[in-house]
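**Q** First, the structure itself, so that you have it in front of you.
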């Protein structure tokens, strides 16, 4: 589909509309009205009748229509993603006869209220670089530029990316953790540890050599198809060697990925590596909690100044079942915020930074495999006393 994200028409200067009108959720029978607005508003990157039907009947989306006395004045379409507390303005347009009367502003306010009602904490959108009127509209409503897409539109025009927090609960601490995108498919754990260490040591350089070094130190050598992944003990030890106190939460015996292989010989290798990591952790005085780190524990660790590296299953994010490490960057009453270092799917790095996920959903994500393995490594700043764990 050709995206038409973030369109608002020149002249919609946020003045109150002369007639209040009604904003309601559009239905399939409104497609003709929506097409009239679309065709009168855009020369390119138009949504088709088929696209509107998909959005109204099958997509995880909502379209709001502003009308007065049977006349359609404008619309806005929002996209949502399951288990992610982020809404995206997919398209917004004002009918030419209603320009300059605040229609887009009313639609935008209604869209933000709808996103909040669906537990979203932020809204994002794309705007053509040459659409200055639209940029002015969104900047005037508290949206901030945070990135761009080169050659995003049909004619090759770049898109500017804007975002707005919908809740004052987001705290400035979220900015303390720099983002690093893993460069290889198996270095998520090492990349997460780099981000945590960087938060406590601003002089640390996030680069590929360090990423690979940390992976080599922390890998479980679990010998499935492809390269081994990082386990909690290996990550904690790698942090400890660099002066960062850590604690580990694991359920069961903490032997990760053993059930992923059928060969008894390979399972034995996994056990040997694990036992050696456990021995080293014990000798280093790393605190190990043989229990699940649930919402209360992760919130407590964050409040104590720690940064949690959490093993999740990617199923709720990508519909593929794979173990994956993410970094907990913050929390509020309802959400955890994470940096996701994944470099495999089509999402841009901007979409992986401070992702807001409902706590109850994140708790379900924070497990992997048939045995519901759960592992959390909490990294603290140098000098943090283990006695406070």
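The values are calculated or read from the model by the stated rules, or taken from the named source; none is laboratory data. All values derive from a computational prediction rather than experimental measurement. Every residue, glycine as well, gets a Cβ built from its backbone with ideal geometry; the counts of neighbours run over all protein chains shown.
**Q** What residue, of 296, 303, is touching a strand residue (DSSP E or B) at 6+ places or on another chain (Cβ under 9 Å), free of Cβ contacts under 8 Å to residues at least 40 places away in the same chain and within 21 Å of residue 333 (Cα to Cα)?
**A** On the way: 296 fails: touching a strand residue (DSSP E or B) at 6+ places or on another chain (Cβ under 9 Å).
One residue alone meets the criteria, 303.
**Q** Return the only residue of 262, 216 being part of a helix (DSSP H, G or I), modelled with pLDDT under 95 and out of contact with any strand residue (DSSP E or B) (no Cβ under 6 Å at 6 or more places or on another chain).
**A** On the way: 262 fails: part of a helix (DSSP H, G or I).
Criteria check complete, one pass: 216.
**Q** Among 97, 74, 189, which is in a helix (DSSP H, G or I) and modelled with pLDDT of 90 or more?
**A** Details: 97 fails: modelled with pLDDT of 90 or more; 74 fails: in a helix (DSSP H, G or I).
Within the list 97, 74, 189, the selection yields 189.
**Q** Let me ask another. Collect the residues in the range 257-282 that are within 12 Å of residue 233 (Cβ to Cβ) and out of contact with any helix residue (DSSP H, G or I) (no Cβ under 8 Å at 6 or more places or on another chain), keeping them in residue-number order.
**A** 273, 275, 276, 279, 282
Every residue, every condition in (1) free of Cβ contacts under 8 Å to residues at least 24 places away in the same chain; (2) over 20 Å from residue 197 (Cα atoms); (3) assigned to a strand (DSSP E or B); (4) in the same structural domain as residue 146 (by TED's automatic domain parsing), yes or no:
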residue: 292; (1), (2), (3), (4): no, yes, no, no
residue: 317; (1), (2), (3), (4): no, yes, no, no
residue: 330; (1), (2), (3), (4): no, no, yes, no
residue: 344; (1), (2), (3), (4): no, yes, no, no
residue: 356; (1), (2), (3), (4): no, yes, yes, no
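**Q** Turning to a different aspect of this structure: Tally up the residues in the range 104-130 that are part of a loop (DSSP other than H, G, I, E, B) and modelled with pLDDT under 90, please. Quick ask: steps written out before the conclusion?
**A** Of all residues in the range 104-130, those part of a loop (DSSP other than H, G, I, E, B) come to 118-121, 129-130.
Add one more test, that the residue is modelled with pLDDT under 90, and what stays is 118-121.
So the answer is 4.
**Q** Here is a follow-up. What's the number of the only condition in (1) surrounded by 14 or more Cβ atoms within 10 Å (Cβ to Cβ); (2) modelled with pLDDT of 85 or more; (3) closer than 25 Å to residue 248 by Cα that residue 153 fails to meet?
**A** With (1) surrounded by 14 or more Cβ atoms within 10 Å (Cβ to Cβ); (2) modelled with pLDDT of 85 or more; (3) closer than 25 Å to residue 248 by Cα applied to residue 153, the lone miss is (3).
**Q** Can I ask one more? If I ask for residues that are in contact with a strand residue (DSSP E or B) (Cβ under 6 Å, 6 or more places away or on another chain) and in contact (Cβ under 8 Å) with a residue 24 or more places away in the chain, which ones from the range 57-66 would you list?
**A** As a first pass, look at the range 57-66 and keep what is in contact with a strand residue (DSSP E or B) (Cβ under 6 Å, 6 or more places away or on another chain): 60-66.
Within the range 57-66, 61, 62, 63, 64, 65, 66 meet the criteria.
**Q** Taking the conditions exactly as written (closer than 24 Å to residue 355 by Cβ and buried (at least 16 other Cβ atoms within 10 Å of the Cβ)), does residue 88 satisfy them or not? Walk me through how you get there before you give the answer.
**A** Working: closer than 24 Å to residue 355 by Cβ: yes; buried (at least 16 other Cβ atoms within 10 Å of the Cβ): yes.
The answer is yes for residue 88.
**Q** All but one of (1) over 19 Å from residue 128 (Cβ atoms); (2) without any contact (Cβ under 8 Å) to a residue 60 or more places away in the chain hold for residue 42; which doesn't?
**A** For residue 42, the exception is condition (1).
**Q** Looking at the range 114-129, is at least one residue more than 27 Å from the chain's Cα centre (by Cα) and either assigned by TED's automatic domain parsing to the domain that holds residue 338 or without any contact (Cβ under 8 Å) to a residue 40 or more places away in the chain (or both)? Write out each step before concluding.
**A** Taking the range 114-129 as the starting set, the residues that turn out to be more than 27 Å from the chain's Cα centre (by Cα) are none.
No - not one qualifying residue is present in the range 114-129.
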